[in-house]
Amino acid sequence: MRWTPSGDSSDVEDQRGSGGGFRFGGVHIGCGGAVILLVLSLLFHKNFFALLGTGDQTGSGPVATRPVQETPGESTERQFVTFVLNDTQKTWPRILSQQSDASYHHAKLVLFRDSINSGCGYAQAASGPFYCPEDEKVYIDLAFYDELKQRFGASGDFAQAYVIAHEIGHHVQKILGIEEKVHSAMEGDSRHAKQYSVRLELQADCFAGIWAHSTQQRNLLEAGDVEEGLNAAAAVGDDRLQRMAGKTVNPESFTHGSSAQRSSWFKRGFDAGKISDCDTFASGAVR
Ligand SMILES: [Zn+2]
């Protein structure tokens with residue numbers, strides 16, 4: 001991909017130095033410490049957290065960070081992720097205004113290491129990058145990119161770009177009101193929750209393809225980039241993941257879609273760059 005470091009972005013929150021514990025008014029305490037304070041507060045009906053200088057008991061929200069140590073490789077990845085985030089967020093306002101009644105607002109991206117207290121709860125890096133609709137933030141531990149390359153065999157910068165574009169695809173679903181509709185449908189029909197999840201994920205892949213289409217129009221793609229994107233989408237298909245884990249492939253248990261489905265929906269978005277081509281909820285669209 002043709003890209004240039006665009007410098008820091010106010011949309012990127014670097015929490016790699018925050019160590020995954022709780023931080024109150026500059027005092028860093030571990031989970032055990034927070035539990036003790038909570039127990040004391042409950043016993044004495046007094047907010048012991050306040051003694052630490054703030055009344056924030058949630059442990060989420062902006063966290064003061066130590067300076068972040070990063071390798072040259074991580075620095076490049078951070079700059080690339082920042083570039084892709086900025087580019088997706090420059091592109092979607094235009095697409096939404098041309099193709100929908102919705103208007104875009106920015107998501108944030110949080111860099112973390114190992115674990116994080118997100119607006120959607122505690123998460124470990126092992127569960128992969130994710131988008132939290134509650135706080136409208138994308139969370140990623142850059143170590144995932146090593147895994148993507150080494151374990152899943154998806155290399156290349158466009159494979160990395162696809163990951164961010166997919167998560168921003170979920171943000172677009174939130175803006176379009178799709179995410180909310182699907183989640184209430186899932187609650188009312190829990191037997192089919194996995195099918196709803198697959199359709200939601202495949203649509204995020206299709207939306208990632210729409211962004212990729214725009215990069216092609218703007219001449220940012222190099223030879224092999226599209227294949228890297230398609231390959232990355234296939235690499236994280238549920239059937240492949242199940243095979244890698246030594247399990248038999250069970251489509252009933254899919255939450256994201258098969259490799260073939262994921263790359264084909266990415267391709268659909270990529271071909272014409274149209275939201276209307278990404279209706280994974282139409283009857284018969286996903287089998
Ligand atoms: Zn997803």
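The values are calculated or read from the model by the stated rules, or taken from the named source; none is laboratory data. Just so we're clear, the structure is a prediction, and the values are computed from it rather than from any experiment. So basically every Cβ, Gly included, is an ideal-geometry build from the backbone, and we count neighbours across all protein chains shown. Note: accessible area is taken over every heavy atom of the protein model, side chains too, but ligands, DNA and RNA are not part of it. Shrake-Rupley method; radii C 1.70, N 1.55, O 1.52, S 1.80 Å.
Structure above, values below:
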item	result
Contour minus Cα-Cα distance for Ala126 and Lys181 (0.36 nm per residue)	17.0 nm
Zone of Ala245's modelled label, taken as backbone nitrogen in region 160-190 under 13 Å from a point 7 Å along Cα→Cβ	none
Under 30 Å from the Cα of Lys247 - lysines, other chains or at least 8 residues apart	Lys149, Lys194, Lys267
Surface per residue (accessible, 1.4 Å probe) for region 72-278, Å²	44 Å²
Ranked by how many other beta carbons lie within 10 Å on average, peptides 142-155, 160-173, 237-250, 79-92 from highest	160-173, 79-92, 142-155, 237-250
Point-to-point label distance, Ser10-Gln98, nm (Cα→Cβ direction, 7 Å offset)	2.7 nm
